[in-house]
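The values are calculated or read from the model by the stated rules, or taken from the named source; none is laboratory data. Since this is a predicted model, take the numbers as computed values, not measurements. Please note: Cβ atoms are built from the backbone with ideal geometry, for glycine as well, and neighbour counts cover all protein chains shown. Heads up: the accessible areas ignore ligands, DNA and RNA and are worked out on the full protein's heavy atoms, side chains in. Shrake-Rupley method; radii C 1.70, N 1.55, O 1.52, S 1.80 Å.
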Amino acid sequence: MTLRDFADRYGVTLAVVVALTLVLVITPGNVDRRALDVGSGSAAGAGAVDPGAVGGVTETPTAGGVVAADGTVTAGDGSTIVAPGGTTSGGSTRATTKGGTTAASAGTPQIQLGKGPCRPDGRELGIARYMPPCLLFTGSNGGATGRGVTGDKIKIVRHVPQVDPATQAILEGAKLADEPAEVTRAFKALFRYANMHYETYGREVEYLEYQASGPNESDEAMKADAVKLADMKPFAVFGGPARGILAKELAQRGIICICSVSLPSGFYNAQPPYIFSSLPTVDEHGIASAEYIGKRLGRKNAVFAGDEFAPGQGFKTKPRKYGLIFVEGEKGQVYPEGKQARDLWIKEMARYDLKYEVEIGYLYDPGRNQQDMTNIIATMKSKGVTTVVLLVDPLTPIILTAEATRQQYFPEWFVTGTGLSDTSAAGRIYDQAQWRHAFGVTPLWVTWTEPAKSEGYREFHHGMPGMRPNDEGVLINIYRAPVQQLFTGIHMAGPRLTSDTFAQGLYNYPKTGGTAAAPLVYITRKYPTQIKDFAEVFYKADEPGRDERGEQGNGMMMKADGGKRYQAGQWPVGDPKVFNDPTALAVSDNPPGGGPFPHEQDGHQHPASQRCMTC
């Protein structure tokens, strides 16, 4: 089967594409929900718990982030957290007892920072580097504090999108998807693990499923689903499509939604502050891409183009001309987010006195828009574009790169970190003569040498002991991202759980990471997505290794300079370190800054009757 046959025969819906992407206070009722504008990581710089042990970022691990002079902090719900040896503040009537802890009145919720199941770095005992600060909870959780919350349960619903059976079959055959039953099993195991290792304040977090009533591209179906989901009275919804319509409808109803990927920050900020995700917003992708281009490429010659395949084009000796290809909708429907992204990316390029010679949008519809792809490549070639910047879905480059070779056009391909184009798995299915000239930026990290060493694999098998290798599914590390974010928000919210305290809890999560294997993670109102830094990447077509699924083969997306990462404003001026960098890494068990967290959960069990850590 040719690449074009693949695309023609198996048009993958955008919802499935999103499912493949990696690779994550205030008093309730007294706020303008559209303007819950709190800081990012408000504990930043307050002091070190264990310098270097939290990804090299010096932070005080506080569940509320606000540190008083006496050492107390505040959780997302406004309850007091007592640091070891500290006393409470704010006019509390609790008495300090010997040893620095406090005696709470019966039923009064109390949280002691640095107590309970703690790691040496001050985080909750668990496999992930990104575990939240450890704490000990006693007292009452307040019972039914919000929608979907009771004294002993928190209701979470996964929105399961519709998938064409033929698409599902080909994705499973290519090891890019799991059977529905495998996905359900994976989530149940991850929920069980998380219930035992995050503080949920005496409540078991329940996992439920809702099957989408229509296709992702149908506004009517997504709006109807939002109504039906709201009728289920969940605390939060996760999964679903990348489009904003479902997330918007749920947020308007006060329901936490982790059901979008890389939308413009303007979309998030226009909604109540209840929509979160793991990968950066499209703004952050655009900011990083433009800064890299402006500082490292500029108008220098396009030395990474493929003149060896088309000697007459002479791009290597010509100043760069940039062209932008961006997805602006699907199946005949234009989405406003596409134009917002394009406008922002043009604005960011202008900051460096640069522009796109050509900007071409397309509607995602593989198998039905081959002529569009033919015209796009012909236009890029006729305009002399040396460097094609891609804001795309994962599959369109299959057709684009094949078409470029057919037209004997071999430009530089600039990877922006969107739509899996920055992964080894996707790179291997693109035209290799083209993709060996691909480089750019990525929010992804230096991954494990084999899936069994990954956090998702380990958490699955700890949460569901007795399972065999491969029972976790090929996308286990994608499934775990929303689970980790959900439980982190619940942990950080404190016992009085509402949508507002959950949001504030995520805002107060301390900055963590910033190393080759651990991206910098924190949440702000403007950018309510987790990853905040990028690495420089390039595709090495002849490099052998295991891709993100653990599949052995040739073709690896390499992180340059040992996987060093950069926040906005930090990209250095100078030539890119790509294609001939001896320090570049794709996978490693010991990358710069440390690999997987050394603490392993082997050696302890959770009784079948145990519902959550403090149940």
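Solvent-accessible area per residue for segment 329-463 at a 1.4 Å probe radius, Å²? Let's see the in-between values first.
Details: 4350 Å² over 135 residues.
Result: 32 Å² of accessible area for each residue.
The alpha-carbon of K115 sits under 29 angstrom from the alpha-carbons of these lysines, leaving out residues fewer than 8 places away in its chain: K98, K153, K155, K188, K453, K511. Exceedance of the 32 Å cut-off in Cα-Cα distance is limited, within the set K381/K564; K347/K559; K383/K577, to K381/K564.
Amide H contacts of A438: W413, Y539, each under 5 Å away and 5 or more positions distant or on a separate chain (H built 1.01 Å from N in the peptide plane; Pro and chain starts excluded).
The alpha-carbon of K331 sits under 17 angstrom from the alpha-carbons of these aspartates and glutamates, leaving out residues fewer than 8 places away in its chain: D8, D164, E217, D219, E220, D365, D372, D393.
Where nothing but the Cβ of Lys and Arg (+1) and of Asp and Glu (-1) is charged, how large is the charge dipole of segment 460-597 around its Cα centre, in debye to the nearest 20? Before the final figure, lay out each step's value.
Working: 14 positive and 14 negative charges, 126 e Å.
Result for segment 460-597 is approximately 600 debye, rounded to the nearest 20.
The figure for Y130 is an accessible area of roughly 30 square angstrom, using a 1.4 Å probe on the protein chains alone. Each principal axis of segment 535-615 carries a Cα extent, and these read 58, 35, 18 Å when sorted largest first. Ranked by solvent-accessible area (1.4 Å probe, protein heavy atoms only, all chains present), the residues R436, R320 order from largest to smallest as R436, R320.
Rank W445, W435 by accessible area, highest first, at a 1.4 Å probe radius?
Working: W445 40, W435 0 Å².
Listed by decreasing accessible area, they come as W445, W435.
If R0 equals 41 Å, the separation of the Cβ atoms of M232 and A568 corresponds to a calculated FRET efficiency of about 0.55. Using a probe of 1.4 Å, the accessible surface attributed to E209 totals some 70 Å² when neighbouring protein chains are kept in position.
What does the extension gain come out to for D471 and E450, with contour length at 0.36 nm per residue minus their alpha carbon separation?
Numbers: separation 21, 0.36 × 21 = 7.56 nm, distance 1.52 nm.
6.0 nm is the gain from fully extending D471 to E450.
State the answer as a single residue: which of S499, H462, P482 lies farthest towards the positive end of the charge dipole of segment 459-615, with beta carbon charges of +1 for Lys and Arg and -1 for Asp and Glu, about the Cα centre. The Cα lying farthest towards the positive end belongs to S499. Here the extension length gained between N580 and K295 equals 100.7 nm, from 0.36 nm per residue of separation less the Cα-Cα distance.
Compared with the direct C-alpha span, the chain from K223 to T374 gains 50.8 nm at full extension, assuming 0.36 nm per residue. Within the straight-line cut-off of under 12 Å between alpha carbons, the aspartates and glutamates reachable from K223 are E249, sequence neighbours fewer than 8 places apart in one chain being disregarded.
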